[in-house]
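Structure first, commentary second.
The values are calculated or read from the model by the stated rules, or taken from the named source; none is laboratory data. In this text the structure is predicted, and so the values were computed from the model without any measurement. As a convention, Cβ positions derive from the backbone with ideal geometry for all residues, glycine included, and neighbour counts pool all protein chains shown. Note: areas computed on protein heavy atoms with side chains; ligands, DNA, RNA excluded. Shrake-Rupley method; radii C 1.70, N 1.55, O 1.52, S 1.80 Å.
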Amino acid sequence: MMEQTAVVSKSELSQSEVSQLRCIGCGAIASTLAQNARCAHCGDLLEVVYPGWKSGESRFAAAMLKSVWKQRRTSLLPEDQSGVWRFRDLLPDLRDGNRAITLREGNTPVYELPSCARGAGVESLFAKHQGMNPTGSFKDTGMTTAASFARQEGFHWVACASTGNTSASMAAYAARGGMRSLVLIPDGKITWSKLSQSLDYGAVTCQLKTDFDGCMRVLNEVVQRMPVYLLNSVNPYRLEGQKTAVIELLEQFNWEVPDHIIVPGGNLANSSAIGKAVLELKELGLISRLPKISIIQAQGANPLVRAIRENGGKELVPVKADTMASAIRIGNPASWKKAVRVLQATDGTVEQATDVEIAQAKAEIGADGIGCEPASAVTLAGLKKLVKSGFVKRSEKVVLILTGHLLKDPDFTLKFHRGDLFTGTPEEKQASILAFQQRAPVVLDASAESVVKLLELEERSERSN
Ligand code: F0G
C-alpha cells in the first residue's frame, strides 16, 4: 500500500537524527527520558524536536503528507485507524517494530455551535470535541504515544498524579498495553465518574489527603525511588500525541486556518501541544499562517493569567487553586514556560472565568446539543470576554477545544439544573442569572394527563418567549 511508496520513509535516517529530546531551558540533548522526565542538567522540561526534518525536507512535501494521511483513513491497520498514529510522520518513531498501544483515539468531530456563536457575538464558531475520545477526554491522544514509549522501555509500572482524566486514560492504556498503573489523586476532589474509570481499568488508586499539586510532589519522589514510568504531561511524548488534535482539526477544515483556537489551561500541557503543532505545521509548509492560540483558566486557578498580566510571563507564582471545574484545579502548572512560548509565538492571549461564568457557558454548549465538562466550558466563557475586549473580531473564525465529555462530571450538571450548585458559596447571589437555563427534572403522577398538562405549559411558555 501507500505506506511503501509515497509515505515518508524515516527508515533511512537513524532515530536520533529524526527526533531528539531537548531541554527547553539549557538546550541539552537527552539520550533517554530520566525517571522524573526532566533535564539532567538544569531540571527544566524536555521537548521532542525533529532535526531530521531539516535534513530531509523534500521527504516532508506538504501535499504528499496530506494525501498519505487521507489514504490511511481507508486502511485496516490499527495504527492507521488511530487518529493519532495516522499522523505518525510528525511523531517520534517507536523502535524495532514496537507496536503502538491504541484504542483508536483521536478521530474526534468538529461541530458548529450556532447558538453559542450568537451568544458570544461571532459569526463562525466551532468546537473540536476531544471529549469524544475513548475514555472521554483529550488525554487519550497523548497517552497512546507516551504509554507506547513506556512499554518500549520495558516498564512494568506507569504512574500519574491527576485531577481525574489523566488517570482514567493512563489506566486504560496501561491495561491495554499489559502494564500496571499507579494513580495518585486528591482525596474527594475528583469526580466519581473519573475515579470509577481508573478502578475499572485496574489501576492501583491512591486518594491522597492533599490537592493535585501535592499529589504531583509525592509522585516526583516515588518515581525517584521505584522503577515506575511517569505519565504526567511533563513527559514530552504526551504532548506529541496531543499535537494531532490540531493536525486533524486542520484536515477537517481542508487546511484552512481558523483565526483563533481557544484552549482551557490547567497544567498547561495541552495548550503547549496545540501551539507546538501549529508551529511545526507552518514550518513544514502544511499551513501558511498561524492561528492565535489563547488560553483560558478558571479565575480560582489562574497562575498563568496572573503571570502574563503581572510580569509578561517571566515568572510564575503558584496559587492555591479553587474552582468547581475540578479538572483544571491546578495552582502550580508544570508546563507554564512552554505555554508562554506558545502565546508569544502565535500572538495569543489569556483570560479567566468565574465558576458562574463557566456554569453558564457549559449550559449554553449543552443547549447546542453538544455538552462538555466544566473545564472545557471555560473556553466559551473566555471567548465572550475576548470578543467584548475586541481581541476576537466578530467576523473571525474561532475554534474551542472541548477537552472532556459531559458525562465526566454529572454531579456538576445535576446540581446546576436543580439550582443548588452555588448554594452556600460566595457566588450564590450572582448565580441567580443561571435560573432561566436550569431544567430540573419534574416529578409527576404516572398519568398521561399530567404529562400532557406539562407539555401544554411548555408550549405556552415557548410561544410567549
Ligand atoms: N480540560 C480537562 C477536561 C482536563 O482534564 C484538563 C487537565 C485540562 C482541560 C487542562 O489541560 O493540564 O494540559 O492544561 N487535566 C489533568 C488531569 C491535569 O489530571 O486529568 P492541561
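Rounded to two decimals, the Cα-based Rg/Rh of the chain, with Kirkwood Rh, is 0.98.
Evaluating 6.51 cos²θ - 1.76 cosθ + 1.60 at θ = phi - 60° for every residue in the range 449-464, the Karplus couplings come out as 3, 5, 5, 4, 4, 5, 4, 4, 4, 4, 4, 4, 5, 5, 5, 7 Hz, glycine and proline recorded as x. Rounded, prolate or oblate: which one fits the range 161-227, using the alpha carbon gyration tensor with axes a ≥ b ≥ c (rounded when a/c is under 1.5, else prolate when a/b beats b/c, else oblate)? Oblate shape, in that a/c is at least 1.5 and b/c is the bigger or equal ratio.
Remark: relative contact order (the chain) = 15 percent; criterion is Cα-Cα distance under 8 angstrom and separation of 6 or more residues.
Separation of the range 219-268 and the range 289-304, taken as the distance between their Cα centroids, equals 15 angstrom.
Projecting the Cα atoms of Pro134, Ser447, Ala431 onto the charge dipole of the chain (Cβ charges, centred on the Cα centre) puts Pro134 farthest toward the positive pole. Residues in the range 94-101 carry Karplus couplings, in order, of 7, 7, 6, x, 4, 8, 6, 8 Hz; the curve used is 6.51 cos²θ - 1.76 cosθ + 1.60 with θ = phi - 60°, and Gly or Pro positions show x. Inter-label distance, Asp445 to Ala345: 6.7 nm, where each label sits 7 Å from its Cα along the C-beta direction.
Taking the Cα centre of the range 29-174 as origin and charging only Cβ (+1 Lys, Arg; -1 Asp, Glu), how large is the dipole, in debye to the nearest 20? Write out the running numbers ahead of the final one.
Values: 16 positive and 13 negative charges, 60 e Å.
Its charge dipole is roughly 280 debye.
The alpha carbons of the range 27-152 occupy a box of 51, 36, 31 Å along the principal axes, longest dimension given first. The stretch between Gln224 and Gln430 holds 69.5 nm of extra length on full extension. This uses 0.36 nm per residue minus the Cα-Cα distance. Taking all protein chains together and rolling a 1.4 Å probe, Ile24 ends up with roughly 40 Å² accessible.
Extension gain for Arg180 to Ala28 (0.36 nm times residue separation, less C-alpha to C-alpha distance): 51.6 nm. Here the dipole of the chain is about 760 debye; that uses its Cα centre as origin and unit charges on the Cβ of Lys and Arg (positive) and Asp and Glu (negative). For the range 76-235, the calculated P(r), taken from all Cα-Cα distances in 10 Å bins from zero up to the bin holding the longest distance, is 11, 36, 31, 17, 5, 0 percent.
With a/c under 1.5 counting as rounded, go ahead and sort the range 312-393 into rounded, prolate or oblate using the C-alpha gyration tensor (a ≥ b ≥ c being the square roots of the eigenvalues; past the cut-off, prolate if a/b is larger than b/c, else oblate). Don't skip to the end; give the middle numbers.
On the way: a/c = 2.20, a/b = 1.33, b/c = 1.66.
Judged from the Cα gyration tensor, the range 312-393 comes out oblate (a/c at least 1.5, b/c at or above a/b).
Rounded, prolate or oblate: which one fits the range 240-384, using the alpha carbon gyration tensor with axes a ≥ b ≥ c (rounded when a/c is under 1.5, else prolate when a/b beats b/c, else oblate)? Because a/c hits 1.5 or more and a/b fails to exceed b/c, the range 240-384 counts as oblate. In order along the range 434-440, phi translates into HN-Hα couplings of 7, 3, 6, 8, 7, 10, 5 Hz, rounded to whole numbers, per the Karplus curve 6.51 cos²θ - 1.76 cosθ + 1.60 with θ = phi - 60° and x for Gly and Pro. The spacing between the range 320-395 and the range 100-129, judged by their C-alpha centroids, is 15 Å. Taking amide H as placed 1.01 Å from N in the peptide plane, Leu208 has its amide H under 5 Å from the amide H of Ile185, Asp187, each at least 5 places away in sequence or on another chain.
To the nearest 20 debye, what charge dipole does the range 120-226 have about its Cα centre, counting +1 at the Cβ of each Lys and Arg and -1 at the Cβ of each Asp and Glu? I would put it at about 200 debye.
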